[in-house]
1. How about the range 152-166: which of its residues are part of a strand (DSSP E or B) and either closer than 25 Å to ARG183 by Cβ or not basic (Lys, Arg) (or both)?
2. Among residues belonging to the range 102-128 that are in a strand (DSSP E or B) and touching a Leu at 6+ places or on another chain (Cβ under 7 Å), point out the one that is surrounded by the most Cβ atoms within 10 Å (Cβ to Cβ).
3. Can you name the residue in the range 173-188 that is modelled with pLDDT of 95 or more and not in a helix (DSSP H, G or I) and is also surrounded by the fewest Cβ atoms within 10 Å (Cβ to Cβ) among such residues?
4. Limited to the range 26-42, what total is found for residues that are outside any strand (DSSP E or B) and out of contact with any Lys or Arg (no Cβ under 7 Å at 6 or more places or on another chain)?
5. Looking at the range 49-62, which of its residues are closer than 16 Å to ILE149 by Cβ, assigned to a strand (DSSP E or B) and of a type outside the set (Ser, Thr, Tyr)?
6. Could you please find all residues in the range 129-151 being farther than 22 Å from ASP74 by Cα and not in a strand (DSSP E or B)?
7. Got a sec? Which of THR168, THR142 is surrounded by fewer than 18 Cβ atoms within 10 Å (Cβ to Cβ), modelled with pLDDT of 95 or more and closer than 27 Å to PRO45 by Cβ?
Amino acid sequence: MKTFIIVVTNFNLSTINCHILKNYNAMNITLDAEVPAWEKLWQKPVYEHEFCTLYESKFRHPIDGREGIFLTNDTCDSVQIVAETIEKKFLLVQQFRFGNEKLSLELPAGRMERGEDIIACAERELLEETGYAGQNAKIIGTLYNSPAIQQNRTYVVHVAECRRTSPTNFDEMEELATLIISRDGLINLIKSGKIESCIALSAIAKFLI
């Protein structure tokens, strides 16, 4: 039996839920301890925005009683779209990101409206950002953007046989360019560090691996 050692640096282990240990055991992966889930004592909003709410939350360790106040960000779920054309090529988009103030090469993606169906959201965002539509859209995985501070999920959706069907329809503050690239070209972009978005890289890995 193979044993894998997981090395964690600069990471708050309170974000790991104890049920993960059972999942690791099923895959013959060994952790050196079982980490319990902390108990939430209270939560209060400290800032509200159209797209997110920031909360202060107090948690207590169930065994040694340590307590701490943590800042979390509650925002909408989102989709990352692995769009594959009829020619088996992939769609990427480039846009300016205000967080790191850089141009970013990513997958088509977007936030889900409240109560919106996941597949419907993926198809809408793909059409709006690239003008492409496809067939047989399906969810191939879920991700947490930043589990240390966020609860929202990102759904990875694969859309096959994509072709351009309409003009793009950007949001007011959006401006994107579309790149069509082969599978080998996509992998080369990843290896060369041209794709820096961790959520896009994780979504691509969900499809490729």
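1. As a first pass, look at the range 152-166 and keep what is part of a strand (DSSP E or B): 153-164.
Hits for the range 152-166 are THR154, TYR155, VAL156, VAL157, HIS158, VAL159, ALA160, GLU161, CYS162, ARG163, ARG164.
2. Residues of the range 102-128 that are in a strand (DSSP E or B), as a first pass: 102-106, 109-111.
If we keep only those that are touching a Leu at 6+ places or on another chain (Cβ under 7 Å) too, we end up with 105-106.
Working: LEU105: 17, GLU106: 21.
Restricting to residues being in a strand (DSSP E or B) and touching a Leu at 6+ places or on another chain (Cβ under 7 Å), the top hit is GLU106.
3. Quick first cut of the range 173-188, residues modelled with pLDDT of 95 or more only: 175-188.
With the extra rule that they be not in a helix (DSSP H, G or I), the set shrinks to 175-182.
Details: GLU175: 10, LEU176: 18, ALA177: 12, THR178: 16, LEU179: 16, ILE180: 16, ILE181: 16, SER182: 12.
Only one residue tops the list, namely GLU175.
4. Taking the range 26-42 first, the residues outside any strand (DSSP E or B) are 26-38.
With the extra rule that they be out of contact with any Lys or Arg (no Cβ under 7 Å at 6 or more places or on another chain), the set shrinks to 26-27, 29-37.
Selection size over the range 26-42: 11.
5. The initial filter retains those residues of the range 49-62 that are closer than 16 Å to ILE149 by Cβ, namely 49, 51-59.
From what is left, the residues that are assigned to a strand (DSSP E or B) are 52-59.
Those that are closer than 16 Å to ILE149 by Cβ, assigned to a strand (DSSP E or B) and of a type outside the set (Ser, Thr, Tyr): CYS52, LEU54, GLU56, LYS58, PHE59.
6. Those that are farther than 22 Å from ASP74 by Cα and not in a strand (DSSP E or B): GLU129, THR130, GLY131.
7. Numbers: THR168 fails: closer than 27 Å to PRO45 by Cβ.
Criteria check complete, one pass: THR142.
To keep it simple, each residue is scored yes or no on (1) modelled with pLDDT of 95 or more; (2) over 24 Å from ILE140 (Cβ atoms).
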site: HIS19; (1), (2): no, no
site: TRP42; (1), (2): yes, yes
site: HIS49; (1), (2): no, yes
site: ARG66; (1), (2): yes, yes
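The values are calculated or read from the model by the stated rules, or taken from the named source; none is laboratory data. Everything numeric here is computed off the predicted structure, so don't read it as measured data. For neighbour counting, all protein chains shown are included, and Cβ atoms are generated from backbone atoms with ideal geometry for every residue, glycine included.
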